[in-house]
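A short write-up of the structure that comes next.
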Amino acid sequence: MPAPVIAAAALRTRTGRKIAIGAIIGILALVGVALSPLIAIPFAVAGSAITSTTEKVDAAPVITSDGTWQYPLKGDYFKGRGFGYNPVHGCSYCSTNHMGYDMARACGAPVYAAGVGRVITAGAYQGYGNAVRIDHGHGVVTLYGHMQWSSLRVRVGQQVATGTPLGAEGNTGRSFGCHLHFEVRKSGTPVDPQPFMAAHGLHLK
């Protein structure tokens with residue numbers, strides 16, 4: 001008797017049906033085990049993609065207890081060149097003796113006044129492109145360089161408070177990619193911004 005006929009006859013009995021159902025369940029279980037790695041891989045890849053594209057939530061700006069100083073960028077940032085000898089390979093016009101501290105979030109990120117003072121420069125300034133300088137008194141001046149053109153929100157002579165928006169991070173002047181050049185000068189001489197800010201409880205990277 002042909003095999004299909006025997007199988008059909010077996011399915012007419014209760015015992016035959018039980019055997020057939022058990023066989024089907026066994027086959028499905030084996031197929032599931034074999035395919036499980038193939039199913040898991042796309043989900044694992046998708047999960048890692050989601051994790052890698054999740055944006056960090058900005059931290060609140062850290063301000064000293066007396067409210068006089070804060071970071072010029074809010075939230076996390078990438079550190080560029082620090083103070084001192086820092087040549088830029090591939091940039092012939094970039095200074096080798098860097099007089100400030102470079103920090104970057106993204107093109108267009110808001111830039112804020114680090115302290116209370118009076119604006120003495122707002123616009124094109126030497127190789128700093130679109131820049132703002134603030135006189136804080138006692139010989140201290142901060143400089144915010146390479147901001148986007150037409151982004152400035154302050155003018156010369158304006159008194160600003162800590163955290164006043166100045167403009168937007170850009171790539172103007174002698175710049176090599178969007179960033180903020182933050183500079184501190186004492187009596188006209190540039191000083192390292194890291195220890196200066198640290199003295200106010202604000203630690204740069």
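Looking only at residues that are over 23 Å from the mean Cα position of the chain (by Cα) and of a type in the set (S, T, N, Q) in region 151-185, which one is surrounded by the fewest Cβ atoms within 10 Å (Cβ to Cβ)? Result: Q159. The one condition from (1) in contact with a Lys or Arg (Cβ under 8 Å, 6 or more places away or on another chain); (2) in contact (Cβ under 8 Å) with a residue 60 or more places away in the chain; (3) open to solvent by less than 10 Å² (accessible area, probe 1.4 Å) that D102 does not meet is (3). One residue stands out in region 110-133 among those that are in contact with a Phe, Trp or Tyr (Cβ under 7 Å, 6 or more places away or on another chain) and of a type in the set (A, V, I, L, M, F, W, C): the one that is nearest to T162 (Cα to Cα), namely A114.
Filtered by the rule that a residue be part of a loop (DSSP other than H, G, I, E, B) and over 18 Å from K74 (Cα atoms), region 194-205 gives a lone residue, A199.
Per-residue answers, yes or no, for (1) at pLDDT below 95; (2) among the aliphatic types (A, V, I, L, M); (3) touching a Ser or Thr at 6+ places or on another chain (Cβ under 8 Å):
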{"residue": "A114", "(1), (2), (3)": "no, yes, yes"}
{"residue": "V119", "(1), (2), (3)": "no, yes, no"}
{"residue": "G129", "(1), (2), (3)": "no, no, yes"}
{"residue": "I134", "(1), (2), (3)": "no, yes, yes"}
{"residue": "G137", "(1), (2), (3)": "no, no, no"}
{"residue": "L152", "(1), (2), (3)": "no, yes, no"}
{"residue": "T162", "(1), (2), (3)": "no, no, yes"}
{"residue": "G170", "(1), (2), (3)": "no, no, yes"}
{"residue": "K205", "(1), (2), (3)": "yes, no, no"}
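Residues in region 140-193 that are acidic (D, E) and not in a strand (DSSP E or B): E169, D192. Looking across region 106-126, the residues that are open to solvent by 60 Å² or more (accessible area, probe 1.4 Å), farther than 26 Å from D76 by Cα and not charged (D, E, K, R) come down to A124, Q126.
The values are calculated or read from the model by the stated rules, or taken from the named source; none is laboratory data. Just so we're clear, the structure is a prediction, and the values are computed from it rather than from any experiment. Virtual Cβ from ideal backbone geometry, glycine too; neighbours counted across all protein chains shown. With ligands, DNA and RNA removed, areas are computed over all heavy atoms of the protein, side chains included. Shrake-Rupley method; radii C 1.70, N 1.55, O 1.52, S 1.80 Å.
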